[in-house]
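Engineer: Sending over a structure as structure tokens; questions will come in a sec.
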Amino acid sequence: MYAFTAVGIRVTSTSVHKFLSTMTSKIYVVVHGGAGVHSKASEAEVKQVLRLACTQTLASASASAAAQVESGTTPPSALDLVENSIVSLEDSSILNAGYGSNLTLSGTVECDAALMDGRTGDFGSAGAVSGIKNPVRLARLILEHARVPDPLGRIPPLTLVSHGAHAFVEQYITGKEDINALTVPPESLVTPRARKTWEVWKARLEDALSSASSSVGSAPRVPSAENLTMPGEEDEDDHMNGMHAMQDTVGAVAFVSSANTSINPYSIAAGVSSGGILLKHPGRIGEAAVYGAGCWARASVDNPGQKRKLGVACSVSGAGEYIVRANLARAIADALDDASTSISTTENGQESEDEEDIDVHAILQRVLAEEFWIPAHSPTNPDPSAGVVLLTTEEDAEEEIVVRLWCAFTTPSMAIAYASSDNPRGKVRIVLIQGTVYVLRTENTQALILRRPKSVESRPNDRPRIFVTGIAL
């Protein structure tokens, strides 16, 4: 539980009362801090960062919505919530995104990020960008730019990288203050902890390359995953707990159903952001910038002759090259599409829906195994890493939208947090003080470090060690 001032916005008391009357809207926000190895020593700190991202996102959404009631403009969408959640994660020094990212082989920060709007299918991403404070903000700008018709009919970009992304910022952002808010000196994104980790592993790489060159003709020695650790520091710091411990994408998924259906019935979105793998080659692009790999979102749709397809928002973390090959986020959504139950026709000509529900648990297990783990598994990659957070939406018999959260990962642990506007165990307290809206307290945010149970950990190395769980929102 946190007590803080969220956003100060000048509004009238009438606006606040109007906003409070719309709190029957449903808002779900889920964030993740990556799949990997989370030590007991870092657990409290990681959970605090994730919980705060959810709390601040709900707070800013409520304050913004209160201000927008008076003007009648559109309230915050799921895309807004995903973007703001990821911004909070990027600003934390302990996660591998934005400030505090892993460093490249050259000792610099280069980030990837992407957003997808499930209601429209719009997508935008940025790759290998340096000197961008919040890469997900740039991804949003690219997404919004693609929504504006080009005067010559040119096809707008899905993804912009490196210097081209910076040129885009200077060309399409009006106002020096706005540019300065997005661009920063590249060295300002390097944290002392990231620099320390880089120095240790850069020295190890140079030693390994030197040893390899001195033993020409002999078979090269490939270090195993268990050897990629810092002796004596396994529990001290996740960034030093093995080269592959904390290298994964952060992300968010969100769903918003508006009480005012005349605006938008609901929206759903997903996003990702990452500093990439430690010691990566400059210019490398990971799954966080690739369409269909790191995130995917799609609103539920009606299909003649079939059950209404699930709405999906999926954010993926893990080994980027293998996730890109599997196009993992989209593969999961496509598998859910394929599982839509057919509608049979009764003898009197009336349609009756098959009562069997889609087995999301089994689909996640199968896709992670068959589309990702098995193709990526090898002697040099004995335990391919991936983690997934997934929101699904569907209508129940009363035509009410039911939202479910799923989490699946192949790593020892995965860090997540989630918040809901209608969680019966929590509440948002909104107070008007001298015309300013303050969100003083929230109690409806849960943060978890999910860990694979012993039954999964004990499986032999030639079998996928995948853990899948559903979480009640």
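Engineer: Taking only the C-alpha atoms, wrap a convex hull around segment 37-169 and report its volume per residue in Å³ as a whole number.
Structural biologist: 138 Å³
Engineer: In whole Hz, with x marking every Gly and Pro, tabulate ³J(HN,Hα) for segment 453-467 from phi via Karplus 6.51 cos²θ - 1.76 cosθ + 1.60, θ = phi - 60°.
Structural biologist: Karplus values, whole Hz, x for Gly and Pro: x, 4, 4, 8, 4, 7, 5, x, 5, 8, 10, x, 9, 10, 10.
Engineer: Which links in LYS26/LYS309; LYS40/LYS280; LYS47/LYS280; LYS196/LYS280; LYS47/LYS202 stretch past 23 Å when you go from one Cα to the other?
Structural biologist: LYS40/LYS280; LYS47/LYS280; LYS47/LYS202
We did not get these values from a lab; they are worked out from the coordinates using the rules stated. It should be emphasised that the depicted structure is a prediction, and the values quoted were computed from it without experimental measurement.
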